[in-house]
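Student: What follows is a structure written as structure tokens; I'll ask about it next.
The values are calculated or read from the model by the stated rules, or taken from the named source; none is laboratory data. These numbers were taken from a predicted model, which means no experiment stands behind them. Heads up, the Cβs are rebuilt from the backbone with ideal geometry, glycines too, and the neighbour counts pull from every protein chain shown. The protein model used for the area step is the full one, side chains on, heavy atoms only, and it has no ligands, DNA or RNA in it. Shrake-Rupley method; radii C 1.70, N 1.55, O 1.52, S 1.80 Å.
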Amino acid sequence: MIDKKLIKNIDFFLLLCIYLISAIGIIAISSATHVQETGSYSMVLRQVLWLAIATIAFIVIISIDYNFLGSYSTYIYILNIALLLLVMVIGHESKGAQSWIPLGPFNLQPSEFAKVAIIITLSKFLSEKEGPLNNLKDIFMVLLHVGAPFILIFVQPDLGTALVFVAITIGMLFVFGIDFRWILTGGITAAVTMPFVWFFALKEHQKNRILTFLNPSLDPLGAGYHAIQSKIAVGSGMLTGRGLYNGTQTQLNFLPESHTDFIFSVVGEEFGFIGASIVVVLYLIVVYRIIRIAMNAKDEFGMYICIGVVSMFLFQIFENIGMTIGLMPITGITLPFMSYGGSSLLANMMAVGLVVSVGMRRQKINF
Amino acid sequence: METKEFHKRLIAFIIIVAILFSFILARLIQLQIVQGSYYREWSDEKRLRLITVKAPRGKIMDRNGIELANNRPSFSVDIVRTNIDDSKLNRVILDAINILKLNGEEYIDTFPIFLDDANNVYFNFKNFENEGVSEETIRAREKRWKSDHGISIEADAKKAWDFLKKKYGIDDSYTPQEMREIMNIRTIMSEQGYKSYQPVTIARDISEETVAELEEKHINLPGIIVDVEPIRQYPEGTLASQVLGYISRIDPETMKQLDPEKYRPDDLIGTVGIEKAFEEYLKGTDGGEYVEVDALGRKVRSVSNKEPVPGDTVKLTIDEKVQKAAEQSLVETMKNIREGKNGFVKSEYANMGAAVVIDVNTGEVLALASVPGFDPNVFAKGSPSIEEYAALNPQNATERTPKPLWNYATKGAIPPGSTFKMVTGIAGLMEGVVTPDEKILDTGVYPYAHKPACWLWNEYHRTHGLVDITKAIQVSCNVYFFEVSRRLGIDKLAEYARKFGLGEKTGIEIEEQAGIVASPDALKDVAINDLYYIKNVLKMINQEQLDELAKLVEAGEIRDSVILKKLNELGIKDKEARDKILYAIKGAQWNLGMTLNASIGQGQNSFTPLQMANYIATLVNGGTRYRPHLMKEIDSFDGKVVKKSNPEVVDKLNLNEEYIQYIKEGMKAVTEMGGTASGAFVNYPISLGGKTGTAERPPYKPYGWFVGFAPFDKPEIAVAVVIYEGGSGSYSAYVAKSIFDAYFDLNKPEENQTKNNVVQ
């Protein structure tokens, strides 16, 4: 099925780092969900199960030539938009955002998969163009391409995830090459359209969430509180941490959402600077290895995929860790491979699958 | 592929990555290494704490802005766990409770394990404030309480007691009573769930002396915090108390259904009346403050804070002046009746009464009085004493026992007596069974059915002679209405009663009862209720047998032979059971006598004063039935209109204006010389219409009704007054007079003077 040479070309070091991060994540989830107190491992088990499912998805993805996937780019794009529209209709709401499709015992979050889908389709689009990007039609096409899923997710409202799309686009266009003038124009266009979205498309509670994101002091007992408690948690970990299951901020529920958005705070509190910096270094290795694969990719399509994926990870890592240590404002962005959640784990592993697939097939002519 | 270009950009990318990651690492070093011990200390001492800042409850005002419910600042005692061990915490709790007790303060006690005289423990999950709770609810409550506190479901009181004693590290040096006090507070603290490190209120509205003592001893009371919080206040005391309702602690069942973001278990919530109906508006949004605290749990500085948003102001349609007049006059008139003064025939049981005033053109309720009332301030702390509560809700109450919490105006459905006769009259005219000019001969004794007589015949053996509709209403001639109803039939009569909204809920915002319109269907319901009584209470039949028997009732079966045959088929052999069932089923048979009774507002007919007032309003405004309502407007605390009520038409009756006029003329004559309400209204400066009713309700003395409207030509308000066991409706007319006086501002200056003196 898969050529032996291809298997030899798998970046096993990258995978090792990712599984290490996932393992640390699962341990942190067990602490955040109080397994030693409640004796209930259900969330830990779910996460392990999702990791197994994600691994299968990963294997499936690397078995397929990414260029084969690229040839279905149009269909992937349509399916993606359809899913996002579906979630608007039948999705159910949690924590103020309507972003879930109930699927038997699980809930699926299409916006997570949308990120991967857009990486594939935008890569395909850019690989067929010549950079730098400097004609109106192409720019319009890029904006339309990313704009549609962006707006659908923005109105859920899931501003954090929507911003990931912006990060992906900026990262890919940066490598593609873009005239500075067009960045300016893009900024102005966004500034002009935003008021329309604001006044006509958004509901009151969506506006409030966005306002709070932009200015967390508007919600001093919500986001402001989370920021302070998280800083106390991480800081109180000191050099070696309080030890697993001994972090008082985590165990006494001072930390909100500690198993999802604030999982890094749990690591910081219980494993200290040593644990936290190990995680950071592991992420650094992951990011670096992906960029290296991009450099050696055999074609532009493959390179753009890697850049899209790395932009996505980089933004999420920096924003998520940044918010737990007071560098960035609070928003609902998960930490890849660590935060509890099946959809994001699955989507992230699929993204890694694409990258590994590009790396496996880097020799231009093998036969 | 311009590889070189891409390569350059990718290198740039790597540099950006390196910069971002070094930011993170630098920040981690700063937080965890440089400032680590600082944050460790914060974390250890729980130096950061959320203090809930309670939002003041929204005000309730009358239509002119007079405050009927507002708030005043008060001191409350909170407790929060500081960094102390169990034994110290238990000591602190007991010391604090002892200070409260010695100062005679009430404190919150929700602990379901009690001690008897011999210090044996037992469970009681019944809260004295809500005596209506079912066994099922209590069992569920017990189960939930046990699971909330980690007690096994089968545990008896003793086991639970021992478990909690161990859990909270209560040593044996305490007496059982002291242990109970500690467990009470400890369980309240733990019920906060994940907010268990947040302060919880244990006593409200404590005196300044108590505050001083707590402050003085605060060094020895770590975690005991005195806080200022708004407390509900009803400046007018008992005025409109059943309309306003009251607030109380949230029972566990209700708490489960509330948004935990909005309500805390130690909050108070509107339980009855306007306080309940508009809870979502009145509640407001609590604010909060993150404070850095010292080792005693006291605030050092504020870290961040969110101002509370006070609840919305609910402006009622009630006119305080009219409401007050209605209540005062009811009290006065009832007293006169009880004492036989003012020329009234003495009736010592005239203890309850109600009055309702409605704007006939909008359905706005201007006054809704129920006497006796209660002082809702008793409930404002959320912890009325058992004695206070028992006084308001008497045990072993009979029909004669006044129940201050009961709203007689909306929940007291009683026979309307002669005040119902306008329904019979308008129905007869509209259906054409009688013309306005037709004169019917009062023969004294009516020759049909059980041969009932007119009241005049019963009292004086005289008759009214030939009467038409106007005269019939003026003199309240029973025979005239007997005859009209006989011609109409019960179905038409009941239909008209329902058109006027009688026997169905009016849709007012507060609690009310539907009442009953006398009709064959209502009678069948009674029979089926009797069968249920035979099944559920006497346990003489089972559900299957009941279903079969109910079919006989529905079919209108009255033949003994058929019923007895059925009883045989169903195998019901017990003599007593057979007699009871036979009696119940045959009781469902409608007869003409019942129609005649219904026509004069007797028999099964029973309506609330609110329904009666609204029926008069509907009649005199030409047949438009509005939904009576109490809310005029809701404003946010800073004066923006949140909601406004508009007149809501429930039904258009399409009554003939001319016919209404004949009826109204009759009602006018009632208030004039020779009418039954002339005593109250003779020489009254405003012309009006009315009708008295003296409703029979054996074994009680007659209930005195008066319904009326004014001004006669262009009616503005409709009034219904009833005094239980008042003896005569003409006495109730005096209450209506006071109401009209207040509404039309007819009080003479000197009269005002004396009234004010009385109030003071």
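Matching residues to (1) more than 30 Å from residue B:586 (Cβ to Cβ); (2) of a type outside the set (D, E, K, R); (3) open to solvent by less than 20 Å² (accessible area, probe 1.4 Å); (4) part of a loop (DSSP other than H, G, I, E, B):
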| residue | (1), (2), (3), (4) |
| --- | --- |
| B:448 | no, yes, no, yes |
| B:451 | no, no, no, yes |
| B:458 | no, yes, no, no |
| B:470 | yes, yes, no, no |
| B:480 | yes, yes, yes, no |
| B:492 | no, no, no, no |
| B:496 | no, yes, yes, no |
| B:527 | no, yes, yes, no |
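Student: When you check residue B:53 against the structure, is it among the β-branched types (Val, Ile, Thr), away from chain A (no Cβ under 14 Å) and within 16 Å of residue B:227 (Cα to Cα), yes or no?
Tutor: Numbers: among the β-branched types (Val, Ile, Thr): yes; away from chain A (no Cβ under 14 Å): no; within 16 Å of residue B:227 (Cα to Cα): yes.
Here the answer is no, as residue B:53 does not meet what is asked.
Student: Taking region B:81-129 only, how many residues are open to solvent by 30 Å² or more (accessible area, probe 1.4 Å), of a type in the set (A, V, I, L, M), touching a Gly at 6+ places or on another chain (Cβ under 8 Å) and not in a loop (DSSP other than H, G, I, E, B)?
Tutor: Residues in region B:81-129 being open to solvent by 30 Å² or more (accessible area, probe 1.4 Å), of a type in the set (A, V, I, L, M), touching a Gly at 6+ places or on another chain (Cβ under 8 Å) and not in a loop (DSSP other than H, G, I, E, B): 0 in total.
Student: Is it the case, given these coordinates, that residue B:270 is open to solvent by less than 20 Å² (accessible area, probe 1.4 Å), on the phi < 0 side of the Ramachandran plot and at pLDDT 90 or above? Let's see the steps before the verdict.
Tutor: Working: open to solvent by less than 20 Å² (accessible area, probe 1.4 Å): yes; on the phi < 0 side of the Ramachandran plot: yes; at pLDDT 90 or above: yes.
So residue B:270 fits the description; yes.
Student: Here's something else I'd like to know. Can you tell me which condition residue A:155 does not meet? The list is (1) away from chain B (no Cβ under 14 Å); (2) open to solvent by 50 Å² or more (accessible area, probe 1.4 Å); (3) among the β-branched types (Val, Ile, Thr), and all the others hold.
Tutor: Result: residue A:155 fails condition (2) only.
Student: Okay, moving on. With respect to residue B:110, is the statement that it is within 29 Å of residue B:375 (Cβ to Cβ) and at the interface with chain A (Cβ under 10 Å from one of its Cβ atoms) true?
Tutor: Against the criterion (within 29 Å of residue B:375 (Cβ to Cβ) and at the interface with chain A (Cβ under 10 Å from one of its Cβ atoms)), residue B:110 does not qualify.
Student: Continuing with the same structure: Quick one: which residue in B:10, B:28, B:68, B:48 is at the interface with chain A (Cβ under 8 Å from one of its Cβ atoms), modelled with pLDDT of 95 or more, touching a helix residue (DSSP H, G or I) at 6+ places or on another chain (Cβ under 9 Å) and open to solvent by less than 50 Å² (accessible area, probe 1.4 Å)?
Tutor: Going through B:10, B:28, B:68, B:48 in turn, the sole match is B:28.
Student: Run down A:330, A:274, A:278, A:263 and say which single residue is more than 12 Å from chain B (Cβ to nearest Cβ), under 22 Å from residue A:236 (Cβ atoms) and open to solvent by 10 Å² or more (accessible area, probe 1.4 Å).
Tutor: Result: A:330 is the single residue among A:330, A:274, A:278, A:263 that is more than 12 Å from chain B (Cβ to nearest Cβ), under 22 Å from residue A:236 (Cβ atoms) and open to solvent by 10 Å² or more (accessible area, probe 1.4 Å).
Student: Working only within region A:103-133, note down all residues that are within 14 Å of another protein chain (Cβ to nearest Cβ) and either over 14 Å from residue A:76 (Cα atoms) or surrounded by fewer than 19 Cβ atoms within 10 Å (Cβ to Cβ) (or both).
Tutor: A:126, A:127, A:128, A:129, A:130, A:131, A:132, A:133 - these are the residues of region A:103-133 that are within 14 Å of another protein chain (Cβ to nearest Cβ) and either over 14 Å from residue A:76 (Cα atoms) or surrounded by fewer than 19 Cβ atoms within 10 Å (Cβ to Cβ) (or both).
Student: Still on this structure, please answer the following. Restricting to region B:80-111, name every residue that is out of contact with any helix residue (DSSP H, G or I) (no Cβ under 7 Å at 6 or more places or on another chain) and closer than 17 Å to residue B:384 by Cα.
Tutor: B:101, B:104, B:106, listed by residue number.
Student: Among the numbered criteria (1) touching a Lys or Arg at 6+ places or on another chain (Cβ under 7 Å); (2) at negative phi, which single criterion is violated by residue A:284?
Tutor: The number of the failed condition is (1).
Student: In region B:509-516, is there at least one residue being at pLDDT 90 or above, open to solvent by 40 Å² or more (accessible area, probe 1.4 Å), within 30 Å of residue B:273 (Cβ to Cβ) and among the aliphatic types (A, V, I, L, M)?
Tutor: Within region B:509-516, one or more residues are at pLDDT 90 or above, open to solvent by 40 Å² or more (accessible area, probe 1.4 Å), within 30 Å of residue B:273 (Cβ to Cβ) and among the aliphatic types (A, V, I, L, M).
Student: I would also like to ask the following. So, residue B:74, is that one under 30 Å from residue B:215 (Cβ atoms), touching an Asp or Glu at 6+ places or on another chain (Cβ under 6 Å), more than 7 Å from chain A (Cβ to nearest Cβ) and surrounded by fewer than 19 Cβ atoms within 10 Å (Cβ to Cβ) or not? Give the steps one after another, and end with the answer.
Tutor: On the way: under 30 Å from residue B:215 (Cβ atoms): yes; touching an Asp or Glu at 6+ places or on another chain (Cβ under 6 Å): yes; more than 7 Å from chain A (Cβ to nearest Cβ): yes; surrounded by fewer than 19 Cβ atoms within 10 Å (Cβ to Cβ): yes.
Spelling it out, residue B:74 is indeed under 30 Å from residue B:215 (Cβ atoms), touching an Asp or Glu at 6+ places or on another chain (Cβ under 6 Å), more than 7 Å from chain A (Cβ to nearest Cβ) and surrounded by fewer than 19 Cβ atoms within 10 Å (Cβ to Cβ).
Student: Within region B:633-660, track down each residue that is of a type outside the set (Asp, Glu) and under 17 Å from residue B:614 (Cα atoms). Walk me through how you get there before you give the answer.
Tutor: Taking region B:633-660 and keeping what is of a type outside the set (Asp, Glu), we get B:634, B:636-637, B:639-647, B:649-650, B:652-656, B:659-660.
Within region B:633-660, B:646, B:647, B:649, B:650, B:652, B:653, B:654, B:655, B:660 meet the criteria.
Student: What residue, among those in region B:195-231 that are within 14 Å of chain A (Cβ to nearest Cβ) and either among the polar types (S, T, N, Q) or assigned to a loop (DSSP other than H, G, I, E, B) (or both), is most open to solvent (accessible area, probe 1.4 Å)?
Tutor: Among those residues, the one meeting the criterion is B:197.
Student: Looking only at region B:218-227, decide whether some residue is among the polar types (S, T, N, Q) and under 23 Å from the mean Cα position of the chain (by Cα).
Tutor: No: zero hits.
Student: Would you please name the residue that is nearest to the other protein chains (Cβ to nearest Cβ), looking only at residues in region A:231-251 that are crowded, with 20+ Cβ neighbours inside 10 Å and assigned to a loop (DSSP other than H, G, I, E, B)?
Tutor: Of everything passing the filter in region A:231-251, A:238 is nearest to the other protein chains (Cβ to nearest Cβ).
Student: Tell me which residues, restricted to region B:695-739, are touching a Pro at 6+ places or on another chain (Cβ under 7 Å) and at positive phi.
Tutor: B:727
Student: Please determine whether any residue of region B:617-625 is outside any strand (DSSP E or B), open to solvent by 10 Å² or more (accessible area, probe 1.4 Å), hydroxyl-bearing (Ser, Thr, Tyr) and without any contact (Cβ under 8 Å) to a residue 60 or more places away in the chain.
Tutor: Looking through region B:617-625, none of the residues is outside any strand (DSSP E or B), open to solvent by 10 Å² or more (accessible area, probe 1.4 Å), hydroxyl-bearing (Ser, Thr, Tyr) and without any contact (Cβ under 8 Å) to a residue 60 or more places away in the chain.
Student: Exactly one of (1) outside any helix (DSSP H, G or I); (2) over 16 Å from residue A:320 (Cα atoms) is unmet by residue A:257. Its number?
Tutor: So the condition that residue A:257 fails would be (2).
Student: For region A:281-296, name all the residues that are open to solvent by 10 Å² or more (accessible area, probe 1.4 Å) and either facing chain B (nearest Cβ under 10 Å) or within 20 Å of the chain's Cα centre (by Cα) (or both).
Tutor: So in region A:281-296, the residues open to solvent by 10 Å² or more (accessible area, probe 1.4 Å) come out as A:281-282, A:284-285, A:288-289, A:292-293, A:295-296.
Once the filter is applied, which keeps residues that are open to solvent by 10 Å² or more (accessible area, probe 1.4 Å) and either facing chain B (nearest Cβ under 10 Å) or within 20 Å of the chain's Cα centre (by Cα) (or both), region A:281-296 yields A:281, A:282, A:284, A:285, A:288, A:289, A:292, A:293, A:295.
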